[in-house]
Structures are given as C-alpha cells and as structure tokens.
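The values are calculated or read from the model by the stated rules, or taken from the named source; none is laboratory data. Treat the numbers as computed from the prediction; the structure is a model and nothing was measured. Here the Cβ is made from the backbone with ideal geometry for all residues, glycine too, and neighbour counts use every protein chain on show.
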Ligand code: 13P
Ligand code: SF4
C-alpha cells in the first residue's frame, strides 16, 4: 500500500470557534439577524424567522410542538442553549441521547438539537419509517471534521499493513457514520466519553493495539485510565506519510491516537486551575476528558458530561466546584444548584459555536414545516454504511 501525503487542512469550524466568545455573562439568544453578525456560516431560512425575538419564537415552537404531539420527539444535548433545552423531551449526553433515539419507536420525527454526527447516529439507531431532523444543517463538530472519512480509511489500510491483525479500530461518537462503519466492518467499536474506558478494555480483550479516532486527548486520557503508559501511545498525524511515525514506533505503540482535538475543551489550562485554587482553597475541579492530559492531571476529577452533571448535583450544599466543559451546561448547572458555588474554569464565555447554531428560529422553522407536512434538514445515512455503523454502535450500547 503506497503511503499517502496530505495537504494540511484545518476545518472551517475550528476557525469559527471563537465567534461567540465574550466576557459578559449573558447566554440569552438574540434575534437571529443580530447573531448572524458573528460572521460564521449559517443556514439560510425564510426571512420571517430572522428578526423574531425569543419571546415571539417560544410560543410558536410550543404551538407547533403541541400540534405535532407524539409524532415528534425533541432530543437536546446538554451543550444546547437554554432557549432550546426548555423544549427538549429528553436531554442528555451523546450516549444517553443515542440510547433514547433507539427507544423512540413511536415518533415519526426525531428532531435532534445537537450536532450532525449525533443526528446521523440517531438515524442509524432509529426505525426505518422514522425521520431525523437537524434544525440547522451547519451544526457540525470541528473535532469530527478533523477526521475526514477518506483520511481515516487510508490510515486504517496503512496501519493494518504495518501491524497485521490485532489492531482494533475504536471511534469516538464524534465522527462520521462512514468511520463508524469502518469500525463495524473491522471488528471495532464506537465509544462516548461515558464508556470510553470500558470500550478500551473491550478492545484490548480482542486485540493488542487500538487505533483511536478522532480525539487524541480523550484517547490519551482513557489509555492512562486503563493502564497504558504514555510512551506506548503514538499520535497519527494525517498530514504526514505514515502518520509521521516510523514502522518501529507503530509496532511499539499500544494506542495510536488520531491527531484531532476539541476547540472548546482545549481552551482549559493548568494556569486557570492554579488561579481557581488560589481564589477558592476548598474548590473541587472537574473537567471533561477531551481536555489535555496536563489539565486532567491538575484537576480533581474528570469524566463525561453525565459524570459532571452527577458530580455537581450530588455534591453537598456549600460545595465550590469549578468545571472545565461547555459553558451552556456549566451555566445551567450553576442555576440549578444555587446552594453551591458552580462556575466555569475559563473566565471568557465561549460556547461551542456549532452547538450554538441551533438557534430557536431554526427550531421554530423545522417544526412549522413538519406541521405543514414538509421535512426540512433530514439527516440520512445510506443503508450499507448504516448496516456496519450499527454493528459498531450496538457493540457500544452493550458495553457499559
Ligand atoms: P458527550 O459524549 O459527553 O456528550 O460529549 C459530546 C461532545 O461533543 C463533547 O464535546
Ligand atoms: Fe465538537 Fe467540541 Fe463542540 Fe463537542 S464541544 S460538539 S467535540 S466542537
């Protein structure tokens, strides 16, 4: 197999991530026309929705939801704005929502307020007559965009040629359906941040090495959790021949980490942790495992979005908790736990810009269209891809 040399391409979504960063406290939605000034790519929608204020959009969403009744179920990821979460029938992290999508046997429409890879997963796990709708089709994920399918398939071929059998592909939920299918086809599996350690153990029961895509930080932090030393993990750079690794480095590695990251979680730093410890000597710091290794080491705890929710809700009154994850979730936890001091590690407010693209105007638009019998922004996965991706996802749903 000839080695492939690639042109470095940084996803546009990565550049757009600071678009909504600000220093004031408000996360409240403005009319879409004002938010468009943030200068990122938005999906076009009918003009009438552009100038609508949230107080006009809310009753409109409520009315459409009522008309649709049980025919539509709205799923909301924890990182969605409050203006969206208030309409969600179920909220959760990507693991819980994928379980929920699989259970929604009676709804005709699954309106997924989250990002594109989550909607694809819902389409794979839902029934054949159900349709999945993503309110803003430009709601992607910059980390998932760092692993284009073709690059991942080439990497798999190149690595298999060096390693032979015994390499298990594991992909984080945040990846294309085609990468999930590659895992299903080759004895691999999907994971989320909730079950990554259990999935690594599952993989090491079946092979000697893991190829982990696309988040190097979650992969490294999970490798450490299951006892793989740091010097037995290597980073695969998709822009370099053979990932920038020698054959002997590949042979020595037990975990090969795709060189991807989350622009939201890599903003957290060890210096921010030192600063909150100086200001609040009794603080507990809890971070998401998409943060860098140094940040996870400096924190008191790390875990999935659901783990963070549990940690805060179960903490005794008076606790002081600094959190390293997406700001919409941190702000919701702070409001729901007024007997505790809960705040974000980063003093600058930086929502995930792709999750943020699900503005209430889009939710109103797609629901109004469903009421009128038209399906806008349906997300579908072709049968062949879905068949193999489902294998990898069903393996995941069985590993807790
Ligand atoms: P969870 O798996 O914790 O839901 O995370 C999804 C995600 O996109 C985190 O950045
Ligand atoms: Fe993707 Fe990071 Fe946003 Fe999660 S928080 S959707 S990983 S960019």
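At a glance:
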item: Some residue of the stretch 260-269 being touching a helix residue (DSSP H, G or I) at 6+ places or on another chain (Cβ under 6 Å), more than 14 Å from ligand 2 (Cβ to nearest atom) and at pLDDT 95 or above; result: no
item: Evaluation of residue 323 against (1) in contact with a helix residue (DSSP H, G or I) (Cβ under 8 Å, 6 or more places away or on another chain); (2) within 16 Å of ligand 2 (Cβ to nearest atom); (3) under 19 Å from residue 200 (Cα atoms) (one fails), failing number; result: (3)
item: The stretch 84-115, residues that are within 17 Å of the chain's Cα centre (by Cα), surrounded by fewer than 24 Cβ atoms within 10 Å (Cβ to Cβ) and away from ligand 2 (no atom under 16 Å from the Cβ); result: 90, 99, 100
item: Residues of the stretch 61-79 satisfying the condition of being under 24 Å from residue 28 (Cβ atoms), assigned to a strand (DSSP E or B) and either more than 16 Å from ligand 1 (Cβ to nearest atom) or free of Cβ contacts under 8 Å to residues at least 40 places away in the same chain (or both); result: 74, 76
item: Residue under evaluation residue 132, criteria (1) at pLDDT 95 or above; (2) closer than 28 Å to residue 242 by Cβ, criterion not met; result: (2)
item: Residue in the stretch 43-55 that is within 16 Å of ligand 2 (Cβ to nearest atom), under 15 Å from residue 136 (Cα atoms) and modelled with pLDDT of 95 or more present; result: no
item: Tally of residues being without any contact (Cβ under 8 Å) to a residue 40 or more places away in the chain and touching a strand residue (DSSP E or B) at 6+ places or on another chain (Cβ under 7 Å) across the stretch 182-199; result: 2
item: Count of residues meeting criterion [outside any loop (DSSP other than H, G, I, E, B), at pLDDT 75 or above and over 10 Å from residue 353 (Cβ atoms)] in the stretch 1-23; result: 1
item: Given (1) at pLDDT below 95; (2) surrounded by fewer than 19 Cβ atoms within 10 Å (Cβ to Cβ), index of the condition residue 382 fails; result: (1)
item: Near pairs, Cβ below 6 angstrom, 6+ apart or cross-chain, from the stretch 32-50 (at negative phi) to any residue that is loosely packed, with under 15 Cβ neighbours inside 10 Å and assigned to a helix (DSSP H, G or I); result: 42/36; 50/33
item: Failed criterion for residue 374 (all others in (1) free of Cβ contacts under 8 Å to residues at least 40 places away in the same chain; (2) touching a strand residue (DSSP E or B) at 6+ places or on another chain (Cβ under 9 Å); (3) outside any helix (DSSP H, G or I) hold); result: (2)
item: Residue in the stretch 345-360 that is in a loop (DSSP other than H, G, I, E, B), closer than 20 Å to residue 261 by Cβ, more than 15 Å from ligand 2 (Cβ to nearest atom) and in contact (Cβ under 8 Å) with a residue 40 or more places away in the chain present; result: yes
item: Any chance residue 247 is touching a helix residue (DSSP H, G or I) at 6+ places or on another chain (Cβ under 9 Å), within 16 Å of ligand 2 (Cβ to nearest atom) and outside the structural domain of residue 323 (by TED's automatic domain parsing); result: no
item: Conditions (1) away from ligand 1 (no atom under 16 Å from the Cβ); (2) in contact with a helix residue (DSSP H, G or I) (Cβ under 8 Å, 6 or more places away or on another chain); number of the one not met by residue 221; result: (1)
item: Candidates 375, 330, filtered to the one that is outside the structural domain of residue 192 (by TED's automatic domain parsing) and either over 23 Å from residue 88 (Cβ atoms) or within 16 Å of ligand 1 (Cβ to nearest atom) (or both); result: 330
item: Residues being buried (at least 22 other Cβ atoms within 10 Å of the Cβ) and within 18 Å of the chain's Cα centre (by Cα) - total across the stretch 196-211; result: 2
item: Residues of the stretch 61-83 that turn out to be surrounded by 18 or more Cβ atoms within 10 Å (Cβ to Cβ) and farther than 10 Å from residue 360 by Cα, as a count; result: 12
item: Verdict on residue 336 being touching a helix residue (DSSP H, G or I) at 6+ places or on another chain (Cβ under 7 Å), over 24 Å from residue 259 (Cβ atoms) and surrounded by fewer than 19 Cβ atoms within 10 Å (Cβ to Cβ); result: no
